[in-house]
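Let me begin by presenting the structure, written as structure tokens, before commenting on it.
The values are calculated or read from the model by the stated rules, or taken from the named source; none is laboratory data. Being a predicted model, the structure only gives us computed values, none of them experimental. All Cβ positions, glycine included, derive from the backbone under ideal geometry; neighbour counts span all protein chains shown. Side chains are part of the model used for accessible areas, which takes the heavy atoms of the whole protein and leaves out ligands, DNA and RNA. Shrake-Rupley method; radii C 1.70, N 1.55, O 1.52, S 1.80 Å.
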Amino acid sequence: QVQLVESGGGVVQPGGSLRLSCEVSLFTFSRYVMQWVRQAPGKGLEWVAFIRNDGSNEHADSVKGRFTISRDNSKNTLYLQMNSLRAEDTAMYYCVSGYYFDYWGQGTMVTVSS
Amino acid sequence: DIVMTQSPLSLPVTLGQPASISCRSSQSLVHSDGNTYLNWFQQRPGQSPRRLIYKVSNRDSGVPDRFSGGGSGTNFTLKISRVEAEDVGIYYCMQNTRWPFTFGPGTKVDVK
């Protein structure tokens, strides 16, 4: 059973930074595409970022230049570095495995507020 | 960007009756490799989303066979042959044929 456990969420002021982590219990983690998806309170799902097993990546326009997805295959861990946070970044952030969004974590909540 | 639309946005259902959700994309979802990357997700109240269907019609293991997906090009459908109480939630279609990946707005399914 694949498990994805996110951490690092919290309350941050506008303009601040946070780094989200996602520990993945998957012995073949290094071979998997990984992604982040977010959901603002009471809203729908929004794709945020994607990273291949070689580290190449894509980001949504709404976060490009502010957020960076990365991974440490030796630690089976996915990251999302979030800088210059805005109120509209307030959301539950889900770590997702696979190109086809196979498995989802429970999410970590990020609140951007003064 | 490819815009995904769903209808209806709210779907009151009678238990034991069929239900159908439509998903349309603003562009064809046929990839240059010949595959169509259209997926369906279910989000039960208070839970994370989970995938039900990938590449239009491939049902995930553990997903009841009352769920089926179909369609092609720009028009897709998720069908539930007989709705059960555990099917209450929000259903999203999503395309990962072209960047950026995009989700539909969701269809809320609840019991009449």
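Quick notes
- Evaluation of A:Thr77 against (1) in contact (Cβ under 8 Å) with a residue 60 or more places away in the chain; (2) touching a Cys at 6+ places or on another chain (Cβ under 7 Å) (one fails), failing number: (1)
- B:Ser32 meets each of the listed conditions (1) without any contact (Cβ under 8 Å) to a residue 12 or more places away in the chain; (2) in a strand (DSSP E or B) apart from (2).
- In the stretch A:76-93, the residues that are open to solvent by 10 Å² or more (accessible area, probe 1.4 Å) and within 14 Å of chain B (Cβ to nearest Cβ): A:Met92
- Condition broken by A:Val110, with the remaining ones in (1) open to solvent by less than 20 Å² (accessible area, probe 1.4 Å); (2) out of contact with any Phe, Trp or Tyr (no Cβ under 9 Å at 6 or more places or on another chain) satisfied: (2)
- Within the stretch B:78-89, the set of residues being closer than 27 Å to A:Met34 by Cα and surrounded by fewer than 21 Cβ atoms within 10 Å (Cβ to Cβ) comprises just one member, B:Gly89.
- Within the stretch A:29-65, tally of residues that are open to solvent by 20 Å² or more (accessible area, probe 1.4 Å), in a loop (DSSP other than H, G, I, E, B) and at negative phi: 13
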